[in-house]
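Have a look at the structure below before the remarks.
Laboratory data are not the source of any read-out in this text; all were calculated from the coordinates shown. Since we're looking at a predicted model, the values are computed, not measured. Methodologically, a virtual Cβ is constructed for each residue, glycine included, from the backbone with ideal geometry; neighbour enumeration extends over all protein chains shown.
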Amino acid sequence: MRLPSLLGVLAFALAAPLSLSTPSYLSQGSQNQLLSPTYGSGNGHSCPNLTIIYAKGTDLPGSPPSGNVGRAGGVGPMFFQAVSDFLHSSSNGTVATMSMAVQGVEYTAEIGDSLFTDGDAAASQLMRNLAAQAMESCPNTHITLSGYSLGGHILTHALLQQMTHEEVSRIGSVVTFGSSAELGKKKAMRERVGGKKVLEVCHGGDGFCHGDMLGGLLRMEEHLNYGNERDVERAAGFVKGRMGL
């Protein structure tokens, strides 16, 4: 995957679903394409092939505020760029004419929400509401729910407790990076969604992802590097496969 330089990425209008002919996710900390008035407006060209709804990870104390998908160049933007690059590629050498929209879940991402709770309950409800909006506005779009760290916790709670069985059945794929959800709830989420639809990227030394909070605190570096090329390419390939491409 050839990722463009952060300095060379051009800004784009968040008001419309992004065409894959101009991928530019790495420098953007917020994505609001699902909330655009042009999403699913009924003109026959406004529904993307893929809609990603993403919950970011916890904002670390003392760090500058991040957007609704995390910081520029972080896990979310790297994942979106990898998906865009994968949807551009083709085995026969032709360029795919796919489109995608990305929407971040707007929430405070405070560290207290990640410890022994269901995360931010309002954020879980918002994630469900965004998914329902995508289903209603664009019935044929492939919906991917994704989250990093606390965002994976929020995603798990949304799928287990906020969404109906019908809504869950319409989710095309689920991708988590270093999810801090309890192990039992992760298992229940996989069973409810269907294991083939779920990819959990979880580093061996990441205690947060394996239910060991103390271990996670002692080895934070294993939890903070999910934006690496290997992980995001693996996740992007999974989404592409779930789309049948």
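Here the spin labels are modelled as points 7 Å beyond Cα on the Cα-Cβ line, and at Lys187 and Met220 they lie 3.1 nm apart. Listed by Cβ neighbour count within 10 Å, with the fewest neighbours leading, Leu145, Leu183 appear as Leu183, Leu145. The length gained by stretching the chain between Leu60 and Ala122 to full extension, at 0.36 nm per residue less their Cα-Cα distance, is 20.3 nm. When the P(r) of region 167-226 is calculated, the portion above 16 Å amounts to 45% of the C-alpha pairs. Taking other residues whose beta carbon is less than 12 angstrom from the beta carbon of Gly211, and scoring Lys, Arg as +1 and Asp, Glu as -1, yields 0. Only lysines eight or more places from Lys185 in sequence, or on another chain, were considered; those with a Cα closer than 21 Å are Lys56, Lys196, Lys197. Rounded to the nearest 0.05, the FRET efficiency derived from the C-beta distance between Ser169 and Ser41 at R0 = 22 Å is 0.30.
Within region 18-242, DSSP assigns beta bridges of which about 15% are antiparallel (rounded to the nearest 5). Listed by chain and number, the aspartates and glutamates whose alpha-carbon sits under 14 Å from that of Lys240, ignoring those within fewer than 8 places in the same chain, are Asp85.
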